[in-house]
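The values are calculated or read from the model by the stated rules, or taken from the named source; none is laboratory data. Note that the structure is a prediction, hence the values are computed from the model and not measured. As a convention, Cβ positions derive from the backbone with ideal geometry for all residues, glycine included, and neighbour counts pool all protein chains shown. We work out accessible area using only protein heavy atoms, side chains counted, and drop any ligands, DNA or RNA first. Shrake-Rupley method; radii C 1.70, N 1.55, O 1.52, S 1.80 Å.
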Amino acid sequence: MNDHYTAARHPFWARPPKWLAAAAVTALVANTFVVAVVNYYIYWARARFIATHPDYVAQYPPTISRALSDPLIGEPFAFWISLSAGILFVGVCVVAGLSLLAARHLKDVSPATARTMAAAACTAIVLQIGASAGMVVLSQYRMGVDNDMHMVGSYLFFFSQGFVVLSGLLISTSILRNEEVHPVLHATALVHLPAARMRRTVGKISAVLALSYLVLFVVKDITLPLGNAAVYQAYVWTEPAVISSFLLFVSIFHLDLVMVLRRYRAAACAAPDATAAPADASLLRH
């Protein structure tokens with residue numbers, strides 16, 4: 001199957017509509033903003049706390065949650081993370097929407113792959129509601145303000161966002177296992193296949209990091225024969241690493257979004273000028 005075949009049978013893909021291009025631009029801006037801002041603030045919070053609380057740091061390496069207990073750190077963190085939460089939901093909805101559109105196009109080629117993609121994309125959208133809500137709760141209810149609500153927000157974010165990544169991993173895996181759908185996806189320019197391979201790798205890394213973080217979260221409170229210092233250090237550093245891996249997974253969708261825009265631009269440039277034909281015809285009559 002090639003571009004000409006797909007375009008002939010499905011005119012939608014010959015020239016993607018303006019709303020799809022606008023959605024792609026929106027997601028590019030949204031996801032870039034979130035990746036930059038969240039990555040900055042999770043590392044800034046710890047670095048700032050270390051610089052301003054040397055007595056505490058001399059005894060314990062600070063977690064992000066502990067760093068937020070300082071209002072001078074927690075308040076700007078809460079503003080930017082809460083803002084990012086809503087923006088991330090928009091970005092995830094758009095990239096999930098690309099999978100839903102692709103699934104519609106694959107239903108006659110591989111119904112099983114289409115069903116998997118559609119189910120995983122819808123699941124990701126629902127889970128992102130929980131993840132974004134968790135981001136707001138954990139940043140607004142900080143340690144020293146409401147410890148219980150902070151933990152609720154943290155659990156809600158980590159588990160929901162983790163399963164969003166797993167949903168995306170499922171989509172990538174189902175696509176890559178079925179080579180029959182590759183020509184269709186290439187022709188429709190909705191899924192960037194090399195990016196899907198990257199997401200499969202990064203998704204697996206994220207899953208390992210998240211599982212390691214859960215294990216360290218439990219083990220750090222168990223008294224070990226050689227002490228818990230190394231375990232606690234690993235726990236503290238795994239926390240931001242997990243978040244960054246989630247963000248990296250989302251950022252790989254930039255390749256898919258850029259591909260959509262390139263298809264739209266190419267189609268727009270190739271479209272005939274509606275006013276050119278009448279003008280040329282009038283010249284021929286003279």
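A few remarks follow.
- Considered as a group, the residues in segment 128-141 that are in contact with a Gly (Cβ under 9 Å, 6 or more places away or on another chain) and among the aliphatic types (A, V, I, L, M) include one that is surrounded by the fewest Cβ atoms within 10 Å (Cβ to Cβ), and that residue is A133.
- Pair list, Cβ under 7 Å, 6 or more apart: segment 203-231 residue within 15 Å of A241 (Cβ to Cβ) and touching a residue at least 24 places away in the same chain (Cβ under 8 Å), other residue among the hydroxyl-bearing types (S, T, Y) and open to solvent by 60 Å² or more (accessible area, probe 1.4 Å): none
- Extreme residue, nearest to V219 (Cα to Cα), among residues of segment 236-286 that are among the hydrophobic types (A, V, I, L, M, F, W, C), open to solvent by 80 Å² or more (accessible area, probe 1.4 Å) and at pLDDT 70 or above: W237
- Inter-residue pairs, beta-carbon under 7 Å, first touching a residue at least 60 places away in the same chain (Cβ under 8 Å) and within 19 Å of L257 (Cβ to Cβ) and in segment 89-116, second of a type in the set (F, W, Y) and in a helix (DSSP H, G or I), 6+ apart: V95/F253
- Odd one out for L190, checked against (1) surrounded by 19 or more Cβ atoms within 10 Å (Cβ to Cβ); (2) farther than 25 Å from M259 by Cα; (3) not charged (D, E, K, R): (2)
- Flag for S99 being buried (at least 20 other Cβ atoms within 10 Å of the Cβ) and polar (S, T, N, Q): yes
- Just one of the listed residues (S244, S174) is within 17 Å of A121 (Cα to Cα) and not basic (K, R), and it is S174.
- Failed criterion for A118 (all others in (1) closer than 30 Å to F79 by Cα; (2) open to solvent by less than 40 Å² (accessible area, probe 1.4 Å); (3) small (G, A, S) hold): (1)
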